[in-house]
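Below you'll find the structure, written out as structure tokens, and then a few comments.
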Amino acid sequence: MCGIVGYVGRPKSLEVLLGGLRRLEYRGYDSAGVAIITEEGDLVTRKRAGKLAVLVDDLAAEALTDGSTGIGHTRWATHGGPTDGNAHPHLSRDGKLALIHNGIIENFAELKAELLADGYTFESETDTEVAAKLLGREYEAGGGLAAALGRVVVRLEGAFTLLALHRDEPLVVVGARRNSPLVIGLGEGENFLGSDVAAFVEHTQRAVAIGQDQIVTITPDTVTVTDFFGTEVQPTEFQVSWDASAAEKGGWSSFMAKEISEQPEAVANTLRTRIHDDHVVLPDLAGLEESLVGIDRIVIIACGTASYAGMLGKYALEKWARIPVEVQLSHEFRYSEPVLSPTTLVVSISQSGETMDTLMAVKYAIEAGAKTLSICNTQGATIARESDAVIYTHAGPEVAVASTKAFVAQIAALYLFGLHLAEVRGTLSPEATKEALDELSSIPEKLEQVLLTKERIQELAKWMSDSRAVLFLGRHVGYPVALEGALKLKELAYIHAEGFAAGELKHGPIALIEPGQPVFVVVPSPRDPNSLHAKVVSNIQEIRARGARILAIAEQGDASVLPFADEVIPIPLAGALFEPLLAVVPLQIFAMELATAKGLDVDQPRNLAKSVTVE
Ligand code: AGP
């Protein structure tokens, strides 16, 4: 949601801002705009509803004077539709100050009423314009831009990242954040601000994450970070571990196609350096290690795809570490008055590390005295910084809105944690640990094999492109895979899709089955010790008898499903807990190919944002 870029340095702001906004496009947006202080000291802006290309075409048709200081924004509409007028930047009453915003200012109506009473008028329906007008008024009261911003942000409720510039301070951009991301990029004679490092990684890999309730001021040669009241703080610099080329399509038809293909590497990188001599080594847990022995309960919190990774984590943690685990959607968690104590470990899972629902749930857990661990893919993200410890997944930048490689990396990280916790608690024999680690280490190679099924699935997807509804069934660890398969199809192909626990079928969903209804079934291995395979094959027969078209994802060589399935997509042999890492891939490919066959944008599906930074 909303991408933010700020730049101070050389007279090339427009190029930096548009390049940064292009790299932030993946966040999801519906309008774009820039504000620049020209070398002559004028403040110029341009903003347009629609994709960035609309703004770029507009700038080509009628050039905007460039300058050394600028801010750029992609807006995901909240207050007011995606129109030119509602797009950011918004200006102060005197037109000398421009401001952009990510988040929601919850008390904007009250602040707007105050400004209206003071004779102010508004051109947009946004909460952002209220902040711009307020900041303009505070600026007039003196003390400079950063001090004025400090006086404004203490009055704001909600979540926000704000960037502003003023023509009377031509080589300055100021920013502030609360519960919404903002990162500094450090250059030579130039500095950057961005919603995430993608905004400036083509210029610098030196970055600084700004803490909660902090204000930053950048000039070409200085970076100053303070709290909201002007007291200076010392932020920590970090090196971005990937370069600009990692966030490029590199010849693939879409970021999603590229990211699906990167899954073997994403898992391998997440495991790398963390397995030694048949033990899991997680220095990442330093902030938590001493508490781990006393933990008696785990609550996993996450949203969407990350919550399905959490469901798989539950199976693994309970089996290996013999500890009770529950999985809750972050947005439901804190409203359910959860019972938490210092011996509860709350594990949050978030690719972006900025999902507002999950961040708020983490804060709730911290306030309730629980221990917190996050599993996160984005260095320096807010959720990671708030937690007692973080296990980073090393999936590399995930640009497509639909999560793919981050999902398998999250499962790998959860399994590493589960095996480590089992060792701490003494609940798993060294032989069983070794067997599980060998299984985990073999996943990257097996993923390569699954990717070879792509062409066959592409044919299937083309053939099914006019499907009106698709169902997905799975049992045990196959159930979260079914849910994920359905979510992928909904978000990419806009087709009604539902995932069910196969055992639940007879309790209602079987009524949906009519002749020709496509149903994907995640079939457990026939070697499964719990005889789940036989139960799933029975479920297949039940729905086939009612006319369903069966698309089975089954272990290579499993002949038992052949007589009942219309299509069988084989996956390599793996232990039960590890099958989901493989079985999910054909479903990701299916959703992507079906959306492609329908002519849809698979990287930026309608209405969705990559990073959901509002509640
Ligand atoms: C995945 O395809 C979705 N776009 C979405 O469900 C996502 O997984 C969810 O919003 C959580 O995001 P996070 O991992 O960045 O917290």
**OP:** Starting from the Cα coordinates of segment 3-246, work out the convex hull volume and express it per residue in Å³.
**Re:** 109 Å³
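With 23 Å as the cut-off, how large is the P(r) tail for segment 249-450, expressed as percent of Cα-Cα pairs?
40 percent
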**OP:** Identify all lysines with a Cα-Cα distance to Lys405 below 17 Å; exclude those on the same chain that are fewer than 8 residues away in sequence.
**Re:** Lys249, Lys258, Lys446, Lys454, Lys488, Lys610
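If packing is taken as the mean number of other Cβ atoms within 10 Å per residue, what is the order of 49-62, 166-179, 201-214, highest first?
Final packing ranking: 166-179, 201-214, 49-62.
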Subject >> Tail fraction, Cα-Cα pairs, the chain, threshold 35 Å, whole percent >> reply: 42 percent
Subject >> Furthest towards positive pole of dipole, Ala53, Gly119, Pro220, structure part segment 3-246, Cβ charges >> reply: Ala53
Original post:
When only Cα pairs under 8 Å and 6 or more residues apart are kept, what is the percent relative contact order across segment 249-450?
Top reply: 31 percent
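Using the 2.2 N^0.38 Å rule of thumb for compact globular proteins, work out how segment 390-435 stacks up: its C-alpha Rg over that value, please.
1.46
Which peptide among 535-545, 222-232, 180-190 comes first, and what is the full order, when sorted by highest mean count of other Cβ atoms within 10 Å?
180-190, 535-545, 222-232
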Original post:
Roughly what % antiparallel, to the nearest 5, for the DSSP beta bridges in segment 249-450?
Top reply: 10 percent
**OP:** At q = 0.13 Å⁻¹, work out log10 I(q)/I(0) for segment 1-104 with the Debye formula, treating every Cα as an identical point scatterer and leaving solvent out; two decimals please.
**Re:** -0.39
**OP:** Could you sort 12-18, 594-600, 579-585 so that the peptide with the highest average Cβ count within 10 Å comes first and the rest follow in order?
**Re:** 579-585, 12-18, 594-600
Original post:
Taking R0 as 41 Å, what's the FRET efficiency between Glu332 and Thr65 from their Cβ-Cβ distance, rounded to 0.05?
Top reply: 0.25
Original post:
Taking the Cα atoms only, what angle lies between the long axis of helix 52-61 and the longest principal axis of the chain, rounded to 10 degrees?
Top reply: 40 degrees
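Can you give the percent of C-alpha pairs in segment 320-367 whose distance is more than 17 Å?
Tail fraction, whole percent: 32.
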**OP:** Compute the long axis of helix 13-23 from its Cα atoms, compare it with the longest principal axis of the Cα atoms of the chain, and write down the angle in degrees, 0 to 90, nearest 10.
**Re:** 20 degrees
Subject >> Net length gained if the chain between Glu289 and Ala559 were fully extended (0.36 nm per residue, minus Cα distance) >> reply: 92.6 nm
Subject >> Cα gyration tensor category, rounded, prolate or oblate, for segment 210-322 with a/c compared to 1.5 >> reply: oblate
Original post:
Given the C-alpha centroids of segment 382-425 and segment 601-615, what is the distance between them in whole angstrom?
Top reply: 21 Å
Subject >> Charge dipole magnitude, Cβ of K and R +1, D and E -1 - the chain, Cα centre, debye nearest 20 >> reply: 1180 debye
**OP:** With an 8 Å cut-off on Cα pairs and a minimum separation of 6 or more residues, tell me the relative contact order of the chain in percent.
**Re:** 12 percent
Subject >> Debye intensity ratio in log₁₀ form over the Cα atoms of segment 455-586, taken at each q of 0.09, 0.21 Å⁻¹ >> reply: -0.22, -1.34
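Read-outs throughout are calculated quantities, based only on the coordinates presented, and are distinct from any laboratory measurement. Worth saying up front: this structure is predicted, and the values here are computed from it rather than measured. Cβ sites come from the backbone with ideal geometry, for glycine too, and all protein chains shown count toward neighbours.
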